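Below: the structure, in structure tokens.
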Amino acid sequence: MNILTLIVFLPTLGALLCLFVPKSQVRAVALAASFLTFIVSLSLFGTFFGGGPEGDPDVFGADYGTLHHITRTPWIVGNSFTIEYYLGIDGLGFPLLILTTLIGFLSCWASWNFDSWKINKGVRAYFILFLLLETGMLGVFVALDFFLFYIFWEVMLLPMYFLIGVWGGPRREYAAIKFFLFTLAGSVLMLVAIVAMYFYSDAAIAAEAARLGTEGIASGYRGDGTVISNGTFDLIELAMNPTIQAYFGAKTTLFLGIRFAPLMFIALFIGFAIKLPSVPFHTWLPDAHVEAPTPISMILAGVLLKMGGYGFLRVCYPIFPAGAEVWAYTLAMVGVVSIIYGALCAMAQTDFKKLVAYSSISHMGYVLLGIAVMTTAGIQGAMFQMLAHGISSPMCFFLVGVIYDRAHHREINRFGGLWLTMPRYGTLATIGFFASLGLPALCGFIGEVWVLLGTFDAGTKFAWAYPTAIVAAFGVVLTAGYILWLIRRVYLGKEREEYKGYTDATGRETMILIPMAILCIAMGILPAQTVFNFTNGTLDNILTHVSQTIAMLM
């Protein structure tokens with residue numbers, strides 16, 4: 001069995017086992033399934049180490065733009081279309097896959113605290129939905145057929161809806177429905193784009209076949225010369241086939257009377273921006289985070305938000321470079337507004353969890369800005385920021401959950417002196433929140449700095465880049481303001497009498513926090529060894545392709 005198939009469907013197998021084991025064993029089976037998925041995913045490191053000549057482990061990046069562990073077979077075949085079960089992995093999907101299996105395992109372990117997270121009802125259903133959610137997330141990062149990608153994208157929707165709506169807080173139904181409607185609206189736009197791309201790729205191949213005098217042949221060809229029947233859902237083919245790229249990007253190619261590439265780009269952008277989330281598509285996020293159980297908030301912040309950025313890099317930019325050029329200024333402005341708006345909203349919060357939720361909007365704004373400017377440093381910084389936020393944000397949400405477990409409230413102004421009461425918890429909390437702040441030598445610093453450097457670098461081709469970078473840099477100051485304010489109010493100061501009896505972080509809580517704390521430090525001190533060596537080859541290939549295609553179409 002292909003290793004990617006095994007990784008994607010191991011959680012589903014665990015969900016099936018949860019149907020049949022006694023209720024007392026359900027959480028152990030779920031934890032074992034998520035842990036085994038994580039362990040198996042670690043074997044993929046062997047693929048990416050030794051990428052240099054003769055497998056030299058000290059030479060990185062030689063083949064990171066190449067897909068690995070490919071499995072490809074027809075799945076749904078019709079008279080005019082073929083949907084393939086097509087999986088593969090490269091330097092874009094690999095780190096996000098590892099992030100998903102790690103946060104999935106830690107979140108599953110966090111779910112053992114039944115009473116505090118309100119997971120004391122429907123335990124079997126909770127863990128089945130949790131594992132199905134993990135399968136959907138993993139599938140998104142390895143699916144290379146766009147229709148299969150869309151199916152995995154939709155698989156996530158219902159489990160998350162029920163996990164929030166059944167096991168969430170007092171306003172859980174409202175938050176779940178809001179999440180469902182926003183995500184569904186984005187999915188509809190994505191589906192329209194998928195269908196349009198399929199038939200327009202068919203038209204591109206047919207037009208080229210006619211030009212070459214092969215009208216009698218019912219199929220065209222791939223970029224490598226092999227035959228392709230009709231249109232295609234293949235994400236790599238859609239991006240790399242010069243015939244399709246020329247047809248998609250041509251000013252004469254129209255959809256509903258509007259130029260095809262910019263229209264499809266913005267439709268897909270909205271679908272992915274809802275998940276990122278970017279202003280003004282962000283309003284579902286604070287409600288979902290506040291009402292979701294702590295383990296689901298960890299998954300939501302650590303993995304689901306990253307799917308928006310992944311969609312930009314896997315679909316929008318490689319397939320529609322012409323659209324990226326047209327919308328560059330708009331997207332950069334949306335990114336900057338998200339940075340500043342999210343930080344200001346976080347600064348205004350008195351609810352501990354809502355502050356962390358709004359900080360995610362600000363941090364993910366850097367991701368959009370870095371991608372929008374289309375520079376090497378910008379796109380590398382955006383990827384690093386996604387992974388750094390994928391570690392620090394779940395850590396922060398779990399830290400909120402730990403204190404909520406004891407205090408049964410999240411009012412920042414009612415806390416104080418918790419570091420004295422809970423020294424182990426306070427130390428780990430400082431690492432997590434300083435990583436979110438962007439303190440040098442912690443993971444949050446590298447991504448933000450790279451994005452700002454990339455934005456300044458874009459000044460040679462975009463007149464708006466310099467002022468944009470200056471405004472975005474002000475977001476760093478705002479972030480420092482609300483994080484330091486939070487730490488002073490919650491963890492420093494005089495020890496309050498009502499909290500003196502609180503127990504420090506338990507062994508289980510500490511073991512959940514330590515891996516994330518270690519990664520926060522390791523990614524900040526060794527960014528190349530932990531992230532860049534695995535991602536930059538693929539990212540550079542994407543950027544080169546985008547730049548060359550834009551130049552060809554001008």
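The values are calculated or read from the model by the stated rules, or taken from the named source; none is laboratory data. Because the structure is a prediction, the values reported are computed rather than measured. Glycine also receives a Cβ, built like all others from the backbone with ideal geometry; neighbour counts cover every protein chain displayed.
Please state which one of 204, 176 is in contact with a helix residue (DSSP H, G or I) (Cβ under 7 Å, 6 or more places away or on another chain), modelled with pLDDT of 90 or more and crowded, with 18+ Cβ neighbours inside 10 Å.
176
With 550, 470 as the choices, which residue is touching an Asp or Glu at 6+ places or on another chain (Cβ under 6 Å) and over 20 Å from residue 426 (Cα atoms)? Before you say what the answer is, go through the steps one by one.
Details: 470 fails: touching an Asp or Glu at 6+ places or on another chain (Cβ under 6 Å).
Every option except 550 fails the conditions.
Are any of the residues in the stretch 93-110 modelled with pLDDT under 80 and either surrounded by 14 or more Cβ atoms within 10 Å (Cβ to Cβ) or in a helix (DSSP H, G or I) (or both)? Reasoning before the result, please.
So in the stretch 93-110, the residues modelled with pLDDT under 80 come out as none.
There is no residue in the stretch 93-110 that is modelled with pLDDT under 80 and either surrounded by 14 or more Cβ atoms within 10 Å (Cβ to Cβ) or in a helix (DSSP H, G or I) (or both).
Return yes or no: is residue 460 modelled with pLDDT of 95 or more and either of a type outside the set (A, V, I, L, M, F, W, C) or surrounded by fewer than 21 Cβ atoms within 10 Å (Cβ to Cβ) (or both)?
Details: modelled with pLDDT of 95 or more: no; either of a type outside the set (A, V, I, L, M, F, W, C) or surrounded by fewer than 21 Cβ atoms within 10 Å (Cβ to Cβ) (or both): yes.
Considered against the rule, which asks whether it is modelled with pLDDT of 95 or more and either of a type outside the set (A, V, I, L, M, F, W, C) or surrounded by fewer than 21 Cβ atoms within 10 Å (Cβ to Cβ) (or both), residue 460 comes out as no.
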Contact list, first residue from the stretch 416-443 and more than 21 Å from residue 499 (Cα to Cα), second anywhere and assigned to a helix (DSSP H, G or I) and acidic (Asp, Glu), beta-carbon distance below 8 Å, six or more apart or interchain, is 438/448
Complete set of residues in the stretch 48-87 that are at positive phi and at pLDDT 50 or above: 50, 69
Tally time: how many residues in the stretch 358-388 are within 15 Å of the chain's Cα centre (by Cα) and of a type in the set (Gly, Ala, Ser)? 7
Among 161, 150, 85, the single one that is outside any loop (DSSP other than H, G, I, E, B), in contact with a strand residue (DSSP E or B) (Cβ under 6 Å, 6 or more places away or on another chain), surrounded by fewer than 23 Cβ atoms within 10 Å (Cβ to Cβ) and not β-branched (Val, Ile, Thr) is 85
Could you check the stretch 20-46 and list, in sequence order, the residues that are in a helix (DSSP H, G or I), buried (at least 17 other Cβ atoms within 10 Å of the Cβ) and at pLDDT below 95? 26, 27
What pairs come out if I take residues in the stretch 491-520 that are assigned to a loop (DSSP other than H, G, I, E, B) and pair them with residues that are among the polar types (S, T, N, Q) and surrounded by 12 or more Cβ atoms within 10 Å (Cβ to Cβ) whose C-beta lies under 9 Å away, six or more apart or interchain? 491/430; 495/421; 496/421; 500/421; 501/421; 502/421; 504/421; 504/510
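Test residue 551 against the criterion of being without any contact (Cβ under 8 Å) to a residue 40 or more places away in the chain and among the small types (Gly, Ala, Ser), and give yes or no. Outline the logic, then answer.
Numbers: without any contact (Cβ under 8 Å) to a residue 40 or more places away in the chain: yes; among the small types (Gly, Ala, Ser): yes.
Considered against the rule, which asks whether it is without any contact (Cβ under 8 Å) to a residue 40 or more places away in the chain and among the small types (Gly, Ala, Ser), residue 551 comes out as yes.
Among the residues that make up the stretch 383-401, is at least one of them surrounded by 20 or more Cβ atoms within 10 Å (Cβ to Cβ) and more than 30 Å from residue 529 (Cβ to Cβ)? Don't jump to the end; show me each part of the working.
Initial filter on the stretch 383-401 (surrounded by 20 or more Cβ atoms within 10 Å (Cβ to Cβ)): 383-401.
Now restrict to residues that are more than 30 Å from residue 529 (Cβ to Cβ): 400-401.
Looking through the stretch 383-401, at least one residue is surrounded by 20 or more Cβ atoms within 10 Å (Cβ to Cβ) and more than 30 Å from residue 529 (Cβ to Cβ).
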When residues of the stretch 382-429 are filtered for being hydrophobic (A, V, I, L, M, F, W, C) and over 17 Å from residue 511 (Cβ atoms), how many remain? 15
Of all residues in the stretch 165-178, how many are touching an Asp or Glu at 6+ places or on another chain (Cβ under 6 Å) and assigned to a helix (DSSP H, G or I)? 4
Reported set for the stretch 506-518 where residues are surrounded by 20 or more Cβ atoms within 10 Å (Cβ to Cβ) and either β-branched (Val, Ile, Thr) or out of contact with any Leu (no Cβ under 8 Å at 6 or more places or on another chain) (or both) is 509, 512
Is the stretch 338-356 home to any residue that is among the small types (Gly, Ala, Ser), within 20 Å of the chain's Cα centre (by Cα), within 23 Å of residue 459 (Cα to Cα) and surrounded by fewer than 24 Cβ atoms within 10 Å (Cβ to Cβ)? no
Output for the stretch 145-159, where each listed residue is among the aliphatic types (A, V, I, L, M) and modelled with pLDDT under 95: 155, 156, 157, 158
